[in-house]
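What follows is a single structure, written as structure tokens, with notes after it.
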Amino acid sequence: MLEALPSLVLGFAIILYLDNGIAGAKWLADDEKSLLKRNVERDRTQTTEHMSIRAFVADRRLWLMAAIYFCVVLGQYGLTFWLPTIIRRTGVADPLWVGILTAIPYICAIIALPLLGSSADKRRERRLHLAIPLLVSAAGFATLPMLGSVGASIVCVSVAAAGILASSSLFWALPTAVLGGMSAAAGIAAVNCFANLAGFFSPAIVGWLNDFTGKSTAGLIFISASVVLGAVLVFFVPAKTVNR
């Protein structure tokens, strides 16, 4: 009930206060509205809007987006499911301190996300701004098994968290740059639906690998490799399509 309350409040706030389109935005001047309308129309000419379900499903770019985000979500779930366990294995026994230390990586992600997003917008570049945080995150996951101290582990997992959580936001610049109209709405839903299957596979595979080997190293390496795969797939998206 406590977790649902903020969403309920935000939902009503959106209905009451969020402007429904450029024309209805009271905080924009008329010349600003005209400029934004022209920019939106220009962007629509550079996106794809499918005319049939068959064409939609057959679009390879859609499946590429789904594969990239699957790797991102897999890394996210690897972090959220195993972070308390990782901290506990460094020798922190008090549940209170486990909770406090667990918050640190998320604070780092809160700082990294707007900085990376602002940089991507300023430079009009999307692929590197997604791939580099993914690779940094993968390095953080891969390095964790080599560390034993609490401080070093927190630094490492903070790097991993900042990279993977920022990547989740940065990713959505890709499908929205490629798809337009109803295809954008359906494409976002399809990509999100497919990718969130990683929420099942990530904990299951990592848990199985940890049980099979008796160590957490194999699970962390699997997460790291999956995130690297996601970074590699980003470069299969044409730069001219998304870097605008």
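The values are calculated or read from the model by the stated rules, or taken from the named source; none is laboratory data. Computed from a prediction, not measured in an experiment: that's the story for all the values here. Backbone-built Cβ (ideal geometry, glycine too); neighbour counts: all protein chains shown.
Yes or no: V232 at pLDDT below 90 and within 19 Å of G140 (Cα to Cα)?
Numbers: at pLDDT below 90: no; within 19 Å of G140 (Cα to Cα): yes.
No; evaluated as a whole, the condition is false for this residue.
Of all the residues in region 113-161, those that are part of a helix (DSSP H, G or I), crowded, with 16+ Cβ neighbours inside 10 Å and of a type in the set (K, R) number 1.
Residue pairs whose Cβ atoms lie under 7 Å apart, sitting 6 or more positions apart in sequence or on different chains, and linking a residue in region 187-215 that is under 14 Å from G78 (Cβ atoms) to a partner that is part of a loop (DSSP other than H, G, I, E, B), are N210/S216.
Quick check on my filter: what residues within region 133-185 are among the polar types (S, T, N, Q), more than 29 Å from A239 (Cα to Cα) and touching a Leu at 6+ places or on another chain (Cβ under 8 Å)?
Here is the first cut: in region 133-185, the residues among the polar types (S, T, N, Q) are 137, 143, 149, 153, 158, 167-169, 176, 183.
Restricting the remaining residues to those that are more than 29 Å from A239 (Cα to Cα) gives 143, 149, 153, 158.
Within region 133-185, just S153 meets the criteria.
Taking into account only those residues within region 88-110 that are touching a residue at least 12 places away in the same chain (Cβ under 8 Å) and outside any helix (DSSP H, G or I), which is surrounded by the fewest Cβ atoms within 10 Å (Cβ to Cβ)? It comes out as G91.
Hey, does region 45-62 have a residue that's of a type in the set (D, E) and either at pLDDT below 80 or assigned by TED's automatic domain parsing to the domain that holds S202 (or both)? Yes.
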